[in-house]
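*Asks:* Handing you a structure now.
Just so you know, all these numbers are worked out from the coordinates, no wet-lab data involved. Treat the numbers as computed from the prediction; the structure is a model and nothing was measured. Every residue, glycine as well, gets a Cβ built from its backbone with ideal geometry; the counts of neighbours run over all protein chains shown.
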Amino acid sequence: MNNIIRSFNEKNSNNNISYKYFFTFVAFAVILGVVSGFLTSKINKKNVNNTSSLKKEKIVGIADKKTFKDQAEGILKEGGIDGEGNFHLDRPGGPSQNVYLTSTTVDLSLYIGKKVRVWGKTFSAEKAGWLMDVGLVEILEK
């Protein structure tokens, strides 16, 4: 009969140890989360600085004029034509003179609204009059 009844003090001492481990684990998890968030923000800040420094470059891309032998210039705008190209060069003469662009080497979105000269490789297209994969971008006017 004595084995069935337990003292109230014994039960409390075991729970206090469990609470200590639980709160230690929670504190450790919070500290780990804060430290990893801080380090992630530092890494992301470096990447943002690298992207903004790209905008300052006058010529960006691969200077291989044997592969990227076609050239065009105009104001870089966002948007292709019927699924061909993601960007286009707005050139004098109206929409029929636009050059529709895609790029596997240069992030063209960094140069939207700027007057640029691009070198690339022309591809056949169904809707676009001129479709080019850009390899090199030169900023003519900022």
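*Asks:* Under a no-solvent Debye model with one identical scatterer per Cα of segment 59-141, what's log10 I(q)/I(0) at q = 0.11 Å⁻¹?
*Replies:* One equal scatterer on each Cα of segment 59-141 leads to -0.23.
*Asks:* A further question on this structure: State, to one decimal in nm, how far the label point of residue 73 lies from the label point of residue 34, with both points 7 Å from Cα in the Cβ direction.
*Replies:* Label-label distance for residue 73 and residue 34, simple model: 5.6 nm.
*Asks:* Ordered by packing density, taken as the mean number of other Cβ atoms within 10 Å over each peptide's residues, highest first, how do 96-107, 28-39 rank? It would help to have the intermediate numbers written out before the result.
*Replies:* Numbers: 96-107: 17.9, 28-39: 9.9.
Most protected by this proxy first, the peptides run 96-107, 28-39.
*Asks:* Past 18 Å, Cα to Cα, is the threshold; run 58/114; 77/115; 69/121; 69/127; 66/115; 69/114 against it and keep the listed order.
*Replies:* With Cα atoms farther than 18 Å apart: 69/127; 66/115; 69/114.
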